[in-house]
1. Determine whether the range 137-148 contains at least one residue that is free of Cβ contacts under 8 Å to residues at least 40 places away in the same chain and either open to solvent by 50 Å² or more (accessible area, probe 1.4 Å) or outside any helix (DSSP H, G or I) (or both).
2. For A253, work out the one condition from (1) in contact (Cβ under 8 Å) with a residue 40 or more places away in the chain; (2) under 23 Å from C19 (Cα atoms) it doesn't fulfil.
3. Taking the stated definitions as given, is L454 open to solvent by 10 Å² or more (accessible area, probe 1.4 Å), in contact (Cβ under 8 Å) with a residue 24 or more places away in the chain, assigned to a helix (DSSP H, G or I) and within 25 Å of T320 (Cβ to Cβ)?
4. Does A165 qualify as being open to solvent by 40 Å² or more (accessible area, probe 1.4 Å), over 13 Å from A102 (Cβ atoms), at pLDDT below 90 and not in a loop (DSSP other than H, G, I, E, B)?
5. Taking the range 156-212 only, how many residues are on the phi > 0 side of the Ramachandran plot and within 26 Å of the chain's Cα centre (by Cα)?
6. Exactly one condition in (1) touching an Asp or Glu at 6+ places or on another chain (Cβ under 6 Å); (2) assigned to a helix (DSSP H, G or I) is not met by I401; state its number.
7. Just for helices (runs of 4 or more DSSP H) wholly inside the range 340-395: which have at least 2 residues that are touching a residue at least 60 places away in the same chain (Cβ under 8 Å) and under 22 Å from the mean Cα position of the chain (by Cα)?
8. Looking only at the range 139-158, which residues are at pLDDT 85 or above and either of a type in the set (K, R) or within 30 Å of I124 (Cβ to Cβ) (or both)?
Amino acid sequence: MILLDPLWTALLYLLAAVCFILALKGLSSPRHARRGNLVGAAGAVVAVVAVFLSARLDNIPWILGSIALGTAVAAPVARRVRMTQMPQLVALFNGVGGGAAALVALLELPHAAGQDDAWMRLAIVFTLLVGAVSFAGSGVTFAKLQELMTTRPVVFPGLAAVMGAVLLAALGCAAAVVLLGSYPLALALLGLGLVAGVLLVLPVGGADVPIVISLLNAFTGLAVAASGLVLGNVLLVVAGTLVGASGTILTRAMAAAMGRSVGGIMFGAFRGGSTAGSTAMSERPVRSGSPEDVAVLLGYAQRVIIVPGYGLAVAQGQHTAAELAQALEERGIAVDFAIHPVAGRMPGHMNVLLAEADVPYEALKEMSEINGDFRHADVALVVGANDVVNPAAKTTPGSPIYGMPILEVSDARQVVFLKRSMRPGFAGIENELLYEPQTTLLFGDAKESLTKVLAAVKGL
């Protein structure tokens, strides 16, 4: 039974689309991200309600059961996931979205096979192929980030030729499905898309993996938009296009933040250009200190800049870092947090982490805003970061990170690194800044080290 006429349906769809646009706007800033997320969720609820009230649906019990099952699985997972595992969750969401779009296309093919509508079959083929690539590729990125498999690039002799053959076969199947509407060939195309997704992501490693997640997010958006054409649903087209466009912009921004091209990230391993290098620990001598030594440097400074990295997230030390910053400010010391665009494993990772610890938004400074201030800082405290402050990005041509914009911590009068060990970062190269005379290292778990430093600062 249809309860809404087309006009009211269109108005509800317009309201949902506006909510999605406002959500993206809100997500552009940590200050408004929570509100943006809620607005986006409200838009999704409006869209679902509009569909139920305006479409003639069969198998409503199955639909409601599926919604209930999805909610029962997703809600506990989303609530329990740690910030360090958020990129894995995003990868799973990407994959589920792409897989759902591919299944929709597969189910709609029989309805279009008997019609003289090649454009509809073309939309189905596009949705099927891109959705399958996104689903399989997102699964591999999840496995890499969760360390269920090696995080390093996986290449083998002839990989490029195999990938080329798979893509050619997929294009051939796609053309045949468009012309013939063959269901068996559509299943073959689905399988080739899954293989292509795996082969696309296997050669990517290190700090490049989060960028690939963003690219696959764009793929999922395009697949959803195409599925909207298949189903004749304007809102799906709008929502998918928004996701595809924002994912593309984010991918390019992340690549630029690393000083690399998207093509170099995706296919750099074929030329030895991935950001994943050696994991061997250096045995070169460094100057290490105690928590008390670091506390003296911090407690008698006038300006301190804290540089958070993935090690802070792993140790869950954001609350202790916030307490340390507050203790220093109570002593009249100016404290800022310097945020690199690709610190952590996803854009905004450090912003969200520190916002969770109630660090004022005004204290979170982006790289372009803070870099000129390091020369005026008495101490730069680097907590769990490495590659984003490595001078090799500027001084060593041929380095995996050469050309990547970095935080200029080497300009500070004193530099303190809180590190678990001398193991290199994602790029697998040594950080020469660790061996400079103005650098002090404090080894240990970031949270434990910060706790000891905080206690020592309070005891000064």
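The values are calculated or read from the model by the stated rules, or taken from the named source; none is laboratory data. Because the structure is predicted, anything quoted here is derived from the model rather than measured. Don't worry about glycine lacking a Cβ; one is built from the backbone with ideal geometry, like all the others, and counts go over all protein chains shown. Protein only, heavy atoms only, side chains kept; ligands, DNA and RNA dropped before computing areas. Shrake-Rupley method; radii C 1.70, N 1.55, O 1.52, S 1.80 Å.
1. Yes, that holds for at least one residue.
2. That leaves (2) as the condition not met.
3. Criteria met by L454.
4. So A165 fails the test.
5. 1
6. Failing condition for I401: (2).
7. 349-356
8. If the condition is that a residue be at pLDDT 85 or above and either of a type in the set (K, R) or within 30 Å of I124 (Cβ to Cβ) (or both), then G139, V140, T141, F142, A143, K144 are the ones that fit.
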